[in-house]
Amino acid sequence: MTLADHFTPNRPVVLAGAGKMGGALLSGWLAGGMPPKAVRVVDPSPPPDSAAFMARAGMEHGSTLPKLKASVLVVAVKPQMMGTVLPALAGIVDERTIVISIAAGTTIAQLRDGTGARRIVRTMPNTPAQIGKGVTVAVASDPADLDAREVTDALLQAAGTVEWVNDEKLIDAVTAVSGSGPAYVFLLAETLAEAGVAVGLEPTMSRRLADATVAGAGALLAHSREDPAVLRKNVTSPGGTTAAALAVLMADDGLPQLMRRAVQEAKRRAEELARPAADS
Ligand SMILES: NC(=O)c1ccc[n+]([C@@H]2O[C@H](COP(=O)([O-])OP(=O)(O)OC[C@H]3O[C@@H](n4cnc5c(N)ncnc54)[C@H](OP(=O)(O)O)[C@@H]3O)[C@@H](O)[C@H]2O)c1
């Protein structure tokens, strides 16, 4: 399915929120051949870069809702805005509308209660989506709704790859791994640079080396068909320098243990954040 086949000016996708994430999706859709008039943007004050590329594409935005029912509504506002935004969007939702949310912590039940929609897809993207290199995990209110799944794949692939789960509870684990995961990798780059300074490198040089190493290793992992453990072993000569460092990193209190604790803590926090709102 191409975006241009599915969405037309009379059967548009409505995007609520054209900020960092919504704006990245929108630019991916336009780059993927979506006609600008097949998207209606509801955002009273998008950031300047989103506003600029919408202006270049001849697109309008504002707080006025289109005077039609949306075939697909993508909700990309901050989770704390959901309580007011969802009821305001209910007027453009009917029983055929597919509501796709990218908001952290907003449940399928909340999206249903807020908009009245029957067909809902809750997703969890991550920040590399801003350059089309994200991974998004999706869960549908009805796993048998293959049309909702196809439309979600087509729209979210503008931000990178899309994976599916059938159990909404897994979204908290997904949040702890891929949702929060980019920050763990950025921390690795920060701490590698700091460690380089501690062994005598000049700070800006150490930063360049660490950033390039993390980015390059990530690109090699993405490009290679090998498991990361194989790539690691490939650069570890017995008795060599890498082996000396890995003996520290992989000790009993090392990175594997720390990562497990960090991911468990992120999952616990995701559950905690979803709970009060889900109970309300
Ligand atoms: N950024 C990420 O990498 C990331 C990763 C995973 C999930 N997410 C999810 O993506 C969602 C959007 O995050 P973001 O970082 O893109 O946020 P953002 O940059 O703040 O974008 C949200 C946009 O929605 C606008 N908005 C506010 N009220 C609105 C309303 N009533 N109707 C329509 N638009 C409205 C905001 O305008 P104002 O600025 O004027 O309020 C802003 O332009 C969040 O729910 C977040 O959980 C983001």
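Output the number of the condition that VAL77 fails; it satisfies all remaining conditions of (1) over 18 Å from ILE120 (Cβ atoms); (2) near the ligand (Cβ under 10 Å from one of its atoms).
Against the list (1) over 18 Å from ILE120 (Cβ atoms); (2) near the ligand (Cβ under 10 Å from one of its atoms), VAL77 comes up short only on (1).
Among (1) modelled with pLDDT of 95 or more; (2) farther than 29 Å from ASP211 by Cβ, which single condition is PRO143 missing?
The failed condition is (1).
Here are some conditions: (1) of a type in the set (A, V, I, L, M); (2) within 13 Å of the ligand (Cβ to nearest atom); (3) surrounded by fewer than 20 Cβ atoms within 10 Å (Cβ to Cβ); (4) in a helix (DSSP H, G or I). LEU86 meets all but one. Which one does it not meet?
(3) is the only condition that LEU86 fails.
I need the full set of residues from segment 125-150 which are within 16 Å of the ligand (Cβ to nearest atom) and of a type in the set (D, E, K, R), in order please.
If the condition is that a residue be within 16 Å of the ligand (Cβ to nearest atom) and of a type in the set (D, E, K, R), then LYS133 is the only one that fits.
Quick test for you: out of ALA144, ALA109, ALA154, pick the one residue that is surrounded by fewer than 22 Cβ atoms within 10 Å (Cβ to Cβ) and free of Cβ contacts under 8 Å to residues at least 24 places away in the same chain.
ALA144
Listed here are the residues, each with its yes/no results for (1) without any contact (Cβ under 8 Å) to a residue 12 or more places away in the chain; (2) in contact with a helix residue (DSSP H, G or I) (Cβ under 9 Å, 6 or more places away or on another chain); (3) not aliphatic (A, V, I, L, M).
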site: PRO9; (1), (2), (3): no, yes, yes
site: SER45; (1), (2), (3): yes, yes, yes
site: SER50; (1), (2), (3): no, yes, yes
site: GLY62; (1), (2), (3): no, no, yes
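Which residues, counting only those in segment 235-254, are surrounded by 11 or more Cβ atoms within 10 Å (Cβ to Cβ) and either among the charged types (D, E, K, R) or not in a helix (DSSP H, G or I) (or both)?
VAL235, THR236, GLY240, MET250, ALA251, GLY254
So which residues in segment 13-49 are over 18 Å from the mean Cα position of the chain (by Cα), within 14 Å of the ligand (Cβ to nearest atom) and assigned to a helix (DSSP H, G or I)?
PRO48, ASP49
The values are calculated or read from the model by the stated rules, or taken from the named source; none is laboratory data. For clarity, every value in this text was computed on a predicted model and none was experimentally measured. Quick reminder, even Gly has a Cβ in these numbers, built from the backbone with ideal geometry, and neighbours come from all protein chains shown.
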